[in-house]
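The structure under discussion appears below in the form of structure tokens.
The values are calculated or read from the model by the stated rules, or taken from the named source; none is laboratory data. Remember, predicted model here, so these are calculated numbers, not experimental data.
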Amino acid sequence: MLTGNQKKRINVWMNEVIRKGKWQDYDDLHIDRINPWIKKKPSKWINKSLEYFEFANSLVKQKGDFRVLLVIGLASRRKLRDTVKLDLDTLSFSKLSNSPPALYIYINNHYLGRRINASVKKHHVRYKDFLYYLYQAKDQYDGRYINCIHILVP
């Protein structure tokens, strides 16, 4: 259950990002900015980030073409991850990155929205009322793969 302060933080962030066009610069909202105590409790990150994501989606419906993306960072790896084995219900917090999950705002017909939609069409998995897929990119500095779960509402 979200508190009034948590709802306010999400709402203020969303309004500012949309009004000032900060979504184009990928201005995100990490969940520890919504709820500071959560930074030290990675075991709560997935469930709490999904709660915040659901609330953000209820707000964004009133904002026209804007959408919300939840990004959950995973630990980097030397090899590509098998997307079929990825399951949010069994994902261990020990596999998460050191950075708490974050919310992003995007528009479907913008560059980011087109990339997200293309990835969803190819690799999505349904989870409750959401779709998610694994985003992977090779780090140019150490050669490891950066892994993130991207979650969105279809």
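Before moving on, here are some points about what is shown:
- Residues in region 70-108 that are of a type in the set (S, T, N, Q), at pLDDT below 70 and outside any loop (DSSP other than H, G, I, E, B): Thr83, Ser94.
- Search result, residues across region 23-47 that are among the basic types (Lys, Arg) and at pLDDT 95 or above: Arg33
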